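This report refers to the structure that appears directly beneath it.
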Amino acid sequence: MKRFMIGFAVGAAIGAVAVAIGTARFGGVEALAGRVRGAIAAGQRAMEAHEQDLWADVRRRRAAGMSSADQRSSDPPGALYER
């Protein structure tokens, strides 16, 4: 347990120094927070675009399934999405 606590303290100290150096290098805490907010916003936009692509694919597969429903009447529900 003693080794763990020493390792934890050393890791926390190294992390604190890295954050202090990083924030000073990039213009302070406010600039770093702005970069983080920008990265989060970009991730959200990418997630929304990917979701729209997925829904378009679902609509396309449903349309293809409805047009050929007679041919695959023995398939279980959801089989179209597993192919």
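The values are calculated or read from the model by the stated rules, or taken from the named source; none is laboratory data. Keep in mind the model is a prediction, meaning the values are calculated, not measured. All Cβ positions, even for glycine, are placed from backbone atoms using ideal geometry, and neighbour counts span all protein chains on display.
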Can ARG60 be described as free of Cβ contacts under 8 Å to residues at least 24 places away in the same chain, assigned to a helix (DSSP H, G or I) and exposed (fewer than 10 other Cβ atoms within 10 Å of the Cβ)?
no
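Per-residue answers, yes or no, for (1) surrounded by fewer than 10 Cβ atoms within 10 Å (Cβ to Cβ); (2) assigned to a loop (DSSP other than H, G, I, E, B); (3) at pLDDT 75 or above; (4) within 23 Å of the chain's Cα centre (by Cα):
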site: GLY7; (1), (2), (3), (4): no, no, yes, no
site: ARG35; (1), (2), (3), (4): no, no, yes, yes
site: GLU51; (1), (2), (3), (4): no, no, yes, yes
site: SER73; (1), (2), (3), (4): yes, yes, no, no
